[in-house]
Amino acid sequence: MPKKTESNPVRDLASDLNKKFKSVDKVAYFLDGSEFAPSDITEWISTGSSMLDIAISNRKNGGFPVGRITEIAGLEASGKSLLAAHALKSTQEKDGIAVYIDTENAVSREFFSAIGVDMSRVLYLSLETVEDIFQAIEEIISKVRSSERDRLVTIVIDSIMGASTKMETAADYDKDGYATAKALILSKAMRKITNHLGRERICLIITNQLRVRLNAPMYADQYTTSGGKAIAFHSSVRIRLKSKAKLKVKNDGLENVVGIKTIAEVHKNRLGPPLRSIEYDIYFDSGIDDYGSWLTIMKERNLVSVSGAWYTYKVVDETTGEVLDEIKFQSKQFYKR
């Protein structure tokens, strides 16, 4: 007599649910690794900083998660657009489609080219309203997926607070009452698009502006983002940038500002430990100094010793602890006009 196959009520239930909801490809999954689920992250887009990539993803070769929403917030001139530009460059290196939605008419073609972005392969959209932005995103996803199912797409919105609403655009310049229209539209957009992104090979990066919180206690966070909490809730990663200092060099006896030192803190992270902070240098002619941030971390973790202008890195056998070699080097930064 043949052996009777035992039924699995959980898998039977999953099969029934997937048949019920035919309008969606699939709704019921198992998280045991036997199949891909929308919550799984298998691909990352580099931020341009190896240390920030690790801080976000908690792994080598990480960065911005594909299939999720990332928010980059900061005050003016803190490097928000630069991080987004590095993401576009990383996307192009993977033969993906790079989309840049500019709401401030402030993109610098020369600066993007200087960090390696191929501007001839960037889809540039100049849109004014939040409604048009998310309508364009849905259209981009639909068009790309109709011809190339697995093509990587990175979409940057720079910035979401630079966009108006159709109601606001049609109104005059008088002071409104409670300006909640943008918050309501963003809430609706986030609800519609978050699950859609999880099923596609799409990375959505949103830059945002910080606002001072009025009457905030001294011990509390002094900054917030306007436009409601929808982006904050739906983002898997929230990065806050802060400009720390100016980078200066002397040329012919004159002191020139050639960049800024930036602190990037991962405020929210569903993919790794949150509240990690990374410091890196930004040069106006070349973007993020990736190797310089390596040295900063190595000094903080006592991986190198410093004596004057010389650094010493000890190569140690991980098993015995024996020092196999010592590498000495000098850290110098050069700037050319």
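The values are calculated or read from the model by the stated rules, or taken from the named source; none is laboratory data. No experiment lies behind these values; they were computed from the predicted model shown. With ideal geometry, Cβ positions are generated from the backbone for all residues, glycine too; neighbour counts draw on all protein chains shown. These accessible areas exclude ligands, DNA and RNA; they are computed on the full protein's heavy atoms, side chains included. Shrake-Rupley method; radii C 1.70, N 1.55, O 1.52, S 1.80 Å.
Would you be able to tell me the number of residues in region 267-276 that are part of a strand (DSSP E or B) and basic (Lys, Arg)?
Going through region 267-276 one residue at a time, the tally reaches 1.
Restrict the check to region 238-250 and report whether at least one residue is surrounded by 11 or more Cβ atoms within 10 Å (Cβ to Cβ), among the hydrophobic types (A, V, I, L, M, F, W, C) and under 20 Å from the mean Cα position of the chain (by Cα).
Yes, that holds for at least one residue.
Among (1) open to solvent by less than 70 Å² (accessible area, probe 1.4 Å); (2) touching a residue at least 24 places away in the same chain (Cβ under 8 Å); (3) not in a helix (DSSP H, G or I), where does Thr91 come up short?
The failed condition is (3).
Of the residues Val156, Val107, only one is among the hydrophobic types (A, V, I, L, M, F, W, C), at pLDDT 95 or above and within 21 Å of the chain's Cα centre (by Cα); which?
So the residue among Val156, Val107 that is among the hydrophobic types (A, V, I, L, M, F, W, C), at pLDDT 95 or above and within 21 Å of the chain's Cα centre (by Cα) is Val156.
Return the pair list, or none, for Cβ contacts closer than 9 Å from residues in region 34-57 that are of a type in the set (Phe, Trp, Tyr) to residues that are surrounded by fewer than 17 Cβ atoms within 10 Å (Cβ to Cβ), at least 6 apart or on different chains.
Short answer, once both residue conditions are applied: Phe36/Tyr29; Phe36/Thr42; Trp44/Arg59; Trp44/Asn61.
I need a count of the residues in region 108-122 that are surrounded by fewer than 17 Cβ atoms within 10 Å (Cβ to Cβ), out of contact with any Lys or Arg (no Cβ under 7 Å at 6 or more places or on another chain) and either part of a strand (DSSP E or B) or not small (Gly, Ala, Ser) (or both). Give the steps one after another, and end with the answer.
Step one: filter region 108-122 for residues surrounded by fewer than 17 Cβ atoms within 10 Å (Cβ to Cβ), giving 108-111, 113-114, 116, 118-121.
Then keep just the ones that are out of contact with any Lys or Arg (no Cβ under 7 Å at 6 or more places or on another chain); that gives 108-111, 113-114, 118, 120-121.
Remaining after also requiring either part of a strand (DSSP E or B) or not small (Gly, Ala, Ser) (or both): 109-111, 118, 121.
Number satisfying all stated conditions: 5.
Residues of region 17-49 being open to solvent by less than 90 Å² (accessible area, probe 1.4 Å), over 30 Å from Gln92 (Cβ atoms) and modelled with pLDDT of 75 or more, which ones?
Residues satisfying the conditions are Leu17, Asn18, Lys26, Val27, Ala28, Tyr29, Phe30.
Hey, among Tyr280, Tyr223, which residue is touching a helix residue (DSSP H, G or I) at 6+ places or on another chain (Cβ under 8 Å), open to solvent by less than 90 Å² (accessible area, probe 1.4 Å) and in contact (Cβ under 8 Å) with a residue 12 or more places away in the chain?
Tyr280
(1) of a type outside the set (A, V, I, L, M, F, W, C); (2) on the phi > 0 side of the Ramachandran plot; (3) at pLDDT 95 or above: which one isn't true of Gly116, the others all being true?
That leaves (3) as the condition not met.
Evaluate the following for Thr70: is it assigned to a strand (DSSP E or B) and within 10 Å of the chain's Cα centre (by Cα)?
Answer is yes for this residue.
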